[in-house]
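S.K.: Below is a structure I'd like to ask you about.
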Amino acid sequence: MNTSKMEEEDEDPPPLAVDINHTHQSLHNVDDLPPVGVTVITGYLGAGKSTLVNYILNGKHGKRIAVILNEFGEEIGVERAMINEGEGDGGALVEEWVELANGCVCCTVKHSLVQALEQLVQMRQRLDHILLETTGLANPAPLASVLWLDDQLESAVKLDSIITVVDAKNLRFQLRKHEDSSTFPEAFLQIAFADVIILNKVDLVSPDDLEELEKEIHSINSLANVVHSVRCQVDISIVLNCRAYDASHAAHLEQLLEENKSLTTKDLHDSGVRTMCISDSHQVDLDKVRLWLEEILWDKKHDMDVYRCKGVLSVVNSDELHTIQAVREIYEIVPARKWRTGENRTNKVVFIGRSLNEHILLDSLRACASTRC
């Protein structure tokens, strides 16, 4: 594969930028406003990440969007911005601002990602959304862990979703790239952690190949919304305000689980990355469920490696439907809404990961029933 050619195809020039007046004051008290949603955009080299960002920035959507281009190291710091490199050792986390013709902004930040994002929100006019385009991050899980903050922290930013852009022409090669080595393919992780997958460059493959690609993507991550595109021209509403990590947004999660209720998948190649759905009708004890999850997520019990987990729970002595969501070691279980009259109160949990064992997961979930010791 010609990497240089792929890189050239992916790199659209940034939008025209002009300097911002740094003395401009915010029109709102940001402390009184809800957190600004952050969308992480990831994907393999040449898939079209920069094309997507530029498409959004140049769109006539009337939204004020901030964009940061990131190269993350182990400390999850921001190395450079999409436009104008920052220099010097000044104390400010946000060093330079540029404003685009449609009101969107780009900035240069350094040090702590979360602190920089919060200062970005505090310093400027009200932002509608923030896009983080990752360039050096193979696995978006650490970034999700940083941004998926507890509501009690009153953060000025909130993780909205992870968008993965994949190249329809080269995806199959990328998934098999390291099949015969000990190195795990980056493309698997980027798909596994995604909430939305943009299958880009669909004009370069046949309809039959496209159908097979979509099946392969869903076998890795059946919870993600797969969108076809040419040059990443997609409906902006698909990318922004997904609320994928919003515990109160239960309706979308329930729809996903309904679609996955009879899911059966086979292991993919040697990686074993798969989606698995389990369900049980017994009401569960929350303390037992938390212990169950922690043994799976933290202790890697039974050698299962879980990347994502989403589900709904029927909890004993509660008339509320509880949602469960996990990204790697971080998880939350919260009440979402009242159970409806006549509704089937069933526990349904979807796991995405490696070496998943359906029998062990189902038996251990059943052991969380309130009637068991």
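S.K.: Enumerate the pairs (first residue in the stretch 281-306 and under 19 Å from Val334 (Cβ atoms); second residue anywhere and assigned to a helix (DSSP H, G or I) and of a type in the set (Ser, Thr, Tyr)) with beta-carbon separation below 7 Å, excluding pairs fewer than 6 apart on the same chain, so at least 6 apart or on different chains.
M.R.: If the second residue must be assigned to a helix (DSSP H, G or I) and of a type in the set (Ser, Thr, Tyr), the pairs left are Trp292/Ser364.
S.K.: Exactly one of these conditions fails for Ala326: (1) over 21 Å from the mean Cα position of the chain (by Cα); (2) without any contact (Cβ under 8 Å) to a residue 60 or more places away in the chain; (3) open to solvent by less than 50 Å² (accessible area, probe 1.4 Å). Give me its number.
M.R.: Exception for Ala326: condition (1).
S.K.: Could I ask something else about it? Just the residues that are small (Gly, Ala, Ser) and closer than 26 Å to Phe193 by Cβ, please, taken from the stretch 273-287.
M.R.: Here is the first cut: in the stretch 273-287, the residues small (Gly, Ala, Ser) are 279, 281.
Residue satisfying the conditions is Ser279 alone.
S.K.: Moving on to the next point. Can you pull out the residues in the stretch 174-193 that are in contact with a helix residue (DSSP H, G or I) (Cβ under 9 Å, 6 or more places away or on another chain) and either modelled with pLDDT of 90 or more or open to solvent by 30 Å² or more (accessible area, probe 1.4 Å) (or both)? Break it down stepwise before answering.
M.R.: Let us first name the residues in the stretch 174-193 that are in contact with a helix residue (DSSP H, G or I) (Cβ under 9 Å, 6 or more places away or on another chain), namely 174-175, 177-178, 185-189, 191-193.
The answer is Lys177, His178, Glu186, Ile191, Ala192, Phe193.
S.K.: Having 3 or more residues that are over 30 Å from His61 (Cα atoms) is the bar; report the helices (runs of 4 or more DSSP H) wholly within the stretch 184-249 that clear it.
M.R.: Values: elements: 186-192, 207-220, 236-239.
Output list reads 186-192, 207-220.
S.K.: Let me ask something additional. Which one of these does Ile198 not meet: (1) buried (at least 16 other Cβ atoms within 10 Å of the Cβ); (2) at pLDDT below 90?
M.R.: (2)
S.K.: Another question, if that's okay. Go through the stretch 332-358 and give me each residue that's more than 28 Å from the chain's Cα centre (by Cα) and not in a loop (DSSP other than H, G, I, E, B).
M.R.: Selection gives nothing.
S.K.: Here is a follow-up. Counting only residues that are touching a strand residue (DSSP E or B) at 6+ places or on another chain (Cβ under 6 Å) and either at pLDDT 90 or above or farther than 14 Å from Ala194 by Cα (or both), how many does the stretch 221-239 have?
M.R.: 9
S.K.: If you go through the stretch 200-248 one residue at a time, how many are hydrophobic (A, V, I, L, M, F, W, C), over 22 Å from Met276 (Cα atoms) and within 18 Å of the chain's Cα centre (by Cα)? Before the answer, list the steps.
M.R.: Here is the first cut: in the stretch 200-248, the ones hydrophobic (A, V, I, L, M, F, W, C) are 202, 204-205, 210, 213, 217, 220, 223-224, 226-227, 230, 232, 234, 236, 238-240, 242, 244, 247.
After this cut, where a residue has to be over 22 Å from Met276 (Cα atoms) as well, the list is 202, 204-205, 210, 230, 232, 234, 236, 238-240, 242.
Going one step further and asking which of them are within 18 Å of the chain's Cα centre (by Cα), we end up with 232, 234, 236, 238-240, 242.
Number satisfying all stated conditions: 7.
S.K.: Report whether or not Val306 is β-branched (Val, Ile, Thr), within 16 Å of Val284 (Cα to Cα) and open to solvent by less than 80 Å² (accessible area, probe 1.4 Å).
M.R.: Working: β-branched (Val, Ile, Thr): yes; within 16 Å of Val284 (Cα to Cα): no; open to solvent by less than 80 Å² (accessible area, probe 1.4 Å): yes.
It is false that Val306 is β-branched (Val, Ile, Thr), within 16 Å of Val284 (Cα to Cα) and open to solvent by less than 80 Å² (accessible area, probe 1.4 Å).
S.K.: A follow-up question, please. I'm checking my understanding of the structure. Among residues of the stretch 311-323 that are outside any loop (DSSP other than H, G, I, E, B) and of a type outside the set (Gly, Ala, Ser), which one is surrounded by the most Cβ atoms within 10 Å (Cβ to Cβ)?
M.R.: Of all residues in the stretch 311-323, those outside any loop (DSSP other than H, G, I, E, B) come to 311-315, 320-323.
Now restrict to residues that are of a type outside the set (Gly, Ala, Ser): 312-313, 315, 320-323.
Working: Val312: 21, Leu313: 26, Val315: 20, Glu320: 14, Leu321: 20, His322: 21, Thr323: 23.
The selected residue is Leu313.
The values are calculated or read from the model by the stated rules, or taken from the named source; none is laboratory data. Bear in mind that the values here come from a model prediction, so they are computed numbers and not experimental data. Every residue, glycine among them, receives a Cβ derived from its backbone with ideal geometry; neighbour counts consider all protein chains shown. Calculation scope for accessible area: heavy atoms of the full protein, side chains included, ligands and nucleic acids excluded. Shrake-Rupley method; radii C 1.70, N 1.55, O 1.52, S 1.80 Å.
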